[in-house]
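The values are calculated or read from the model by the stated rules, or taken from the named source; none is laboratory data. Computed from a prediction, not measured in an experiment: that's the story for all the values here. FYI the Cβ positions are ideal-geometry reconstructions off the backbone, even for glycines, and counts take in every protein chain you see.
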Amino acid sequence: MTHETTVGVLCFPGSNCEHDVVAALEGLGAPARIVWHSDSDLSGFGGLVVPGGFAHGDYLRPGAIARFSPAMDALRDFAERGGPVLGICNGFQVLTEAGLLPGALMRNAGMRFICTTVECEVASSSSVLTAAVPAGTVLRLPVNHYEGNYTCSAGDLAELEQNGQVVLRYRDNPNGSTGDIAGIANRTGNVVGLMPHPERASSALLGSADGLPLLQSFVDAIARGGGASQASRVAS
Amino acid sequence: MTGSPQSAGSDPDRAVVPVGTHRALGLTDEEYAGIERVLGRKPTAVELSMYAVMWSEHCSYKSSRAHLSRLPTEGPQVILGPGENAGVVDVGDGLAIALRIESHNHPSAIEPYQGAATGVGGILRDIFTMGARPIALMDGLFVGTLDDARSRYLLDGIVRGVAGYGNSVGVPTIGGQITTAPGYRGNPLVNVFCLGLLRREHLVLAAASGAGNLVVLLGSRTGRDGIGGVSVLASSEFAGEGAAKRPSVQVADPYEEKRLIEACLELLSAGLVVGIQDLGGAGLACATSETAAKGGMSMEVDLSAVPRREPAMSGVEVMTSESQERMLAVVTPENFATVRAVCERFEVEAAVIGTVAEPDPDGVGRLRIRDEVGGAVLGEMPAASLADDAPRYRRPIAEPGDLAARRAVRAARLDPAGRHDDALLAMLVDPAWIYRQYDHQLFLNTVRGPGEADAAVLRLAAPGIAWQGKGLALSCDANPGWCAIDPRAGTAATVAESVLNVACTGARPLALVNCLNFGNPEHPEVMWQLTEAIEGMSEACEALGVPVVGGNVSLYNASDGADIEPTPVVAVAGLIEQLASPPPAIGWQNGDTLVLLGEAAGSLAGSRYARDVLGERDGSLSPVDLAAHLRLCNLVAELVAAECSAEPAGVLHGVHDVADGGLAVALAEVAWRSGSGASAEVARPEELFAELPPRAMIATADPTAIEHAAADHGVAARIIGRAGGGRLAVSGPDGAILVDAPLAALGEAMTANLAGRLDIAPSAH
């Protein structure tokens, strides 16, 4: 059975990293297309990315309004069927607000916006973003956020750690996140959210190409027909 | 005319204008008489308010315009020079850049976050109104010294404002400059530069043409914010009444602007608008009159159709409100439905507020303001009169009476037997505290971001415009210390440094834009400073082959009777023909030989050392030999460009300009960034901190190659030391140690002098 391989990059009013994500994916040979948030039909896509930016101006709370867009209902269905979904920065915030990932992102510990490049360590390969990157790999990745301070309940944290759902950790935590968490996956590994921007680390000319192995994992998962290497674990 | 402007009832727009109202609006009696001459009668309230804002210093350049014509503006690459919303310059491959810099000083002094944020919003609109996608911002910030609590508050708020708007609207802030000096305590300066990239065929001008075309207001609703901002705020001095002027500061909404950018760029690339103009200073008064005047047409404006944020706004308020995030587009009636559909998709409001009309039978294009279609005329005037008939002043010019005496003061000397570690440490500043709050990476173009090289380096690309291998170098520079003792030579040196900065990334300069921040033009000495600065800028731009394609003049920068020091800010854009590898950063490798290129350093006059350490503000600035400087810039650009190709020459390991702070500061900055020390020798002690002429320091493993190249270009070259070790040590000609500091001390000072004063606790990273 054939399946879709094009990546849909959701764009809300106020998103701003959608072009960069498309460019980085296309650089890997993966077709990608921007989808407007009011579109409720995402049937043509093999993977979905919620990119960075300030969806709906981050008004009320980052992601708080975006979760109600028609495209998010379709994204939820897609994720529940095991489709690969990636939320980067503001996209991570949107996915937590939508309940697709546990926890929340608070303001940075220093109460300032941070744009810099940090070292992250792959903490688990059990996700569509890290399947091809061995745990322990250190990557130099840009971060760019005001609300990147990940937090969750003690119970959620224990579960995340126990199930290998923490996929990326900061080596020198820039924002005060719980457990130095930079990125997490859902239980089945097909939905991933992270604060660093892998698409910004897509060329040595721009200072780092360390984001490419992550995006390649995501593209590979789509090529396999979704669901990641853990597809067999996707119940029902 | 169809019914004389009326005066009736209690409606403020129709009431008789009380005698003397013009003075409260910032107009002189002579200027008021000029309005009566233009109209042939007394103005209505709406008319008077429109002339007041349009004839303000901020909009009319009435004190500076006569002098600005001196600036060289021509070059084969120039598509549009000064006078448009932005300068436009050809960069090949069918592409062009649009660039502009503007001040938002007075609003930032009163409300730093909103003042700085709306400054960013305003400059962005100047760029995308040309059809260009904004891809880079830079900020030039000037505040009081950071031992002062209010200056810390202002800088914190300004940086948060630039970050809050720029990050959110989705345009990276890739560079800038920060100056702290006592003179900016009461009147900080916030200058914001923006650059956009466009396909040449998408260039759109702000002209209304085609009788019957619709005048469409896009974006935010009009409110009571920023009423008279240009006249009340920007065109008069501060005298301690800041809080009372807060209603004249506009409020920023970057989310609205983001949607407006996307909607406008789509409208422009689809050819759906005939002309477009942003609404900035003077609001609708400016946008309607300028578009009508540029098109040589009349325009009917229906105030009742302007979407409002508040009820019961008067016509005066609607025409002069500076509510942000609005654009005025001229659209054919056939296209309007499509325009509205595009706007609806981006959730941008689009309202038809008027129509373009043939010029009146006497050949004059008039602006006619009504309170509803076919309703009473609240104002009517020749559209061009608001701009063209504005007063032009040749204000008195006088050099300071004590100029000769001050220039005769001999420059300070440095103790040849002393240690100067503390002076050096006090001058080190790491601006990372500022730029780490700015998104400087968006659009995947940033090859050299802030702090990495002397200019920011971007790939020449934008969403929808694929990269074809070229690079863009951008530098924003100012040095009020130089300009304070010699505005002419100081401004020339500022231009020289900026051109050298882009050369240090392998770029040839394409164009320059300037923001001239000065004090009260009614002071003859301020006018002397302004004219001298324009002369110095002209000389340097001519000698270095850089056209001035746009500018902004900000006057009345004064508080409690004291004018700021003359502060011309320049931004230079340069082109890197082939950007396959990143240009060398500010850095060196252990064992590198350090080569200093350029003419020998002059005196300490005007240097940061003289001002900040010695408190010395007199003397004669060392002049810059512009012909020698051009040779230096060409040499450096050539050497660096050879490192930017697909197969880098590998000769240069690092490059850094030597200017502000002098050689000692340059050495310390490179040592700290490289994590590697150096030992160096100066020809005389003053060379540690002397700033002029601007020079370049090269780190190389092949000094002979550099010396040969320098000789070929007729540039002086001197080996000054070697990189390596954990300390920075500089000795004098007699071998005496002048500076000896461990790297850790340099790093601590870098952080303490800026971040340490602004963060409650220095952050852990």
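The rows are residues; the columns are (1) in contact with a helix residue (DSSP H, G or I) (Cβ under 8 Å, 6 or more places away or on another chain); (2) modelled with pLDDT of 95 or more; (3) under 19 Å from residue B:382 (Cα atoms); (4) not aromatic (Phe, Trp, Tyr).
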| residue | (1), (2), (3), (4) |
| --- | --- |
| B:269 | yes, no, no, yes |
| B:280 | yes, no, no, yes |
| B:284 | yes, yes, yes, yes |
| B:290 | yes, no, yes, yes |
| B:301 | yes, yes, yes, yes |
| B:310 | no, no, no, yes |
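In summary, helices (runs of 4 or more DSSP H) completely within the stretch B:677-760 and bearing 2 or more residues that are surrounded by 20 or more Cβ atoms within 10 Å (Cβ to Cβ) occur at B:703-713, B:743-752.
Of all residues in the stretch A:194-218, those that are without any contact (Cβ under 8 Å) to a residue 60 or more places away in the chain have Cβ atoms under 7 Å from Cβ atoms of residues that are assigned to a loop (DSSP other than H, G, I, E, B), 6 or more apart or on another chain, in A:205/B:582; A:209/A:201; A:209/A:202. Quick check on residue B:484: is it farther than 30 Å from residue B:287 by Cβ, hydrophobic (A, V, I, L, M, F, W, C) and touching a Lys or Arg at 6+ places or on another chain (Cβ under 9 Å)? Yes, satisfied. A single member of B:313, B:327 is closer than 22 Å to residue B:165 by Cβ and among the aliphatic types (A, V, I, L, M), and it is B:327.
One residue is enough: does the stretch A:89-101 have a residue meeting the conditions within 13 Å of chain B (Cβ to nearest Cβ) and in contact with a Cys (Cβ under 9 Å, 6 or more places away or on another chain)? Checked the stretch A:89-101: at least one residue is within 13 Å of chain B (Cβ to nearest Cβ) and in contact with a Cys (Cβ under 9 Å, 6 or more places away or on another chain). Of note, residue B:547 satisfies the criterion of being closer than 26 Å to residue B:84 by Cα and touching a residue at least 12 places away in the same chain (Cβ under 8 Å).
Do the conditions hold for residue B:126, that is, is it in a helix (DSSP H, G or I), more than 11 Å from chain A (Cβ to nearest Cβ) and within 17 Å of the chain's Cα centre (by Cα)?
Working: in a helix (DSSP H, G or I): yes; more than 11 Å from chain A (Cβ to nearest Cβ): yes; within 17 Å of the chain's Cα centre (by Cα): yes.
When the stated conditions are applied, residue B:126 passes them.
Residues in the stretch B:325-349 that are within 14 Å of chain A (Cβ to nearest Cβ) and under 29 Å from the mean Cα position of the chain (by Cα): B:325, B:348. Among the residues making up the stretch A:46-60, those that are under 18 Å from residue A:145 (Cα atoms) and away from chain B (no Cβ under 14 Å) are A:49, A:50.
Here is a yes/no grid of residues against (1) of a type in the set (A, V, I, L, M); (2) surrounded by fewer than 24 Cβ atoms within 10 Å (Cβ to Cβ):
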{"position": "B:428", "(1), (2)": "yes, yes"}
{"position": "B:438", "(1), (2)": "no, no"}
{"position": "B:443", "(1), (2)": "no, no"}
{"position": "B:447", "(1), (2)": "yes, no"}
{"position": "B:451", "(1), (2)": "no, yes"}
{"position": "B:457", "(1), (2)": "yes, no"}
{"position": "B:461", "(1), (2)": "yes, yes"}
{"position": "B:465", "(1), (2)": "yes, yes"}
{"position": "B:468", "(1), (2)": "no, yes"}
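Of the residues in the stretch B:569-578, at least one is within 14 Å of another protein chain (Cβ to nearest Cβ), farther than 22 Å from residue B:123 by Cα and either surrounded by 20 or more Cβ atoms within 10 Å (Cβ to Cβ) or among the charged types (D, E, K, R) (or both). Of all the listed residues (A:76, A:81, A:107), the sole one being within 24 Å of residue B:165 (Cα to Cα) and basic (Lys, Arg) is A:107. For the stretch B:174-196, the count of residues that are within 14 Å of another protein chain (Cβ to nearest Cβ), touching a Phe, Trp or Tyr at 6+ places or on another chain (Cβ under 7 Å) and on the phi < 0 side of the Ramachandran plot is zero.
So for the stretch B:439-454 (the condition being away from chain A (no Cβ under 14 Å) and under 28 Å from residue A:203 (Cβ atoms)), does at least one residue qualify?
Checked the stretch B:439-454: at least one residue is away from chain A (no Cβ under 14 Å) and under 28 Å from residue A:203 (Cβ atoms).
Residue pairs whose Cβ atoms lie under 8 Å apart, sitting 6 or more positions apart in sequence or on different chains, and linking a residue in the stretch B:447-459 that is over 17 Å from residue B:637 (Cα atoms) to a partner that is assigned to a loop (DSSP other than H, G, I, E, B) and among the hydroxyl-bearing types (Ser, Thr, Tyr), are B:450/B:438.
Listed here are the residues, each with its yes/no results for (1) over 16 Å from the mean Cα position of the chain (by Cα); (2) closer than 30 Å to residue A:77 by Cα; (3) modelled with pLDDT under 95.
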{"site": "A:162", "(1), (2), (3)": "yes, yes, no"}
{"site": "A:172", "(1), (2), (3)": "yes, no, no"}
{"site": "A:181", "(1), (2), (3)": "no, yes, no"}
{"site": "A:184", "(1), (2), (3)": "no, yes, no"}
{"site": "A:188", "(1), (2), (3)": "no, yes, no"}
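Of all the listed residues (A:64, A:109, A:158), the sole one being of a type outside the set (Phe, Trp, Tyr) and either under 14 Å from the mean Cα position of the chain (by Cα) or away from every other protein chain (no Cβ under 14 Å) (or both) is A:158.
Here is a yes/no grid of residues against (1) of a type in the set (Ser, Thr, Tyr); (2) not in a loop (DSSP other than H, G, I, E, B):
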| residue | (1), (2) |
| --- | --- |
| A:9 | no, yes |
| A:13 | no, no |
| A:22 | no, yes |
| A:29 | no, no |
| A:35 | no, yes |
| A:38 | yes, no |
| A:92 | no, yes |
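Restricting attention to the stretch A:112-139, the residues being within 13 Å of chain B (Cβ to nearest Cβ) and among the charged types (D, E, K, R) number 2. Scanning the stretch B:588-609 turns up one or more residues that are within 25 Å of the chain's Cα centre (by Cα), assigned to a helix (DSSP H, G or I) and touching a residue at least 40 places away in the same chain (Cβ under 8 Å). Could you tell me whether the stretch B:390-403 includes any residue that is free of Cβ contacts under 8 Å to residues at least 60 places away in the same chain and either touching a Cys at 6+ places or on another chain (Cβ under 6 Å) or in a helix (DSSP H, G or I) (or both)? Scanning the stretch B:390-403 turns up at least one residue that is free of Cβ contacts under 8 Å to residues at least 60 places away in the same chain and either touching a Cys at 6+ places or on another chain (Cβ under 6 Å) or in a helix (DSSP H, G or I) (or both). Evaluated against (1) buried (at least 19 other Cβ atoms within 10 Å of the Cβ); (2) more than 22 Å from residue B:694 (Cα to Cα), residue B:608 falls short on exactly one condition, (2). Inclusion of residue A:129 among residues that are under 10 Å from the mean Cα position of the chain (by Cα), in contact (Cβ under 8 Å) with a residue 24 or more places away in the chain and within 22 Å of residue A:211 (Cα to Cα) is warranted.
So, of the residues in the stretch B:324-341 that are in contact (Cβ under 8 Å) with a residue 60 or more places away in the chain and under 10 Å from residue B:272 (Cα atoms), which turns out to be surrounded by the most Cβ atoms within 10 Å (Cβ to Cβ)?
B:329
Restricting the stretch B:129-169 to residues that are among the aliphatic types (A, V, I, L, M) and part of a loop (DSSP other than H, G, I, E, B), the residue that is surrounded by the fewest Cβ atoms within 10 Å (Cβ to Cβ) is B:146. The set of residues from the stretch B:202-229 being closer than 18 Å to residue B:331 by Cα and either in contact with a Pro (Cβ under 6 Å, 6 or more places away or on another chain) or not in a loop (DSSP other than H, G, I, E, B) (or both) comprises B:202, B:214, B:215, B:216, B:217, B:218, B:219.
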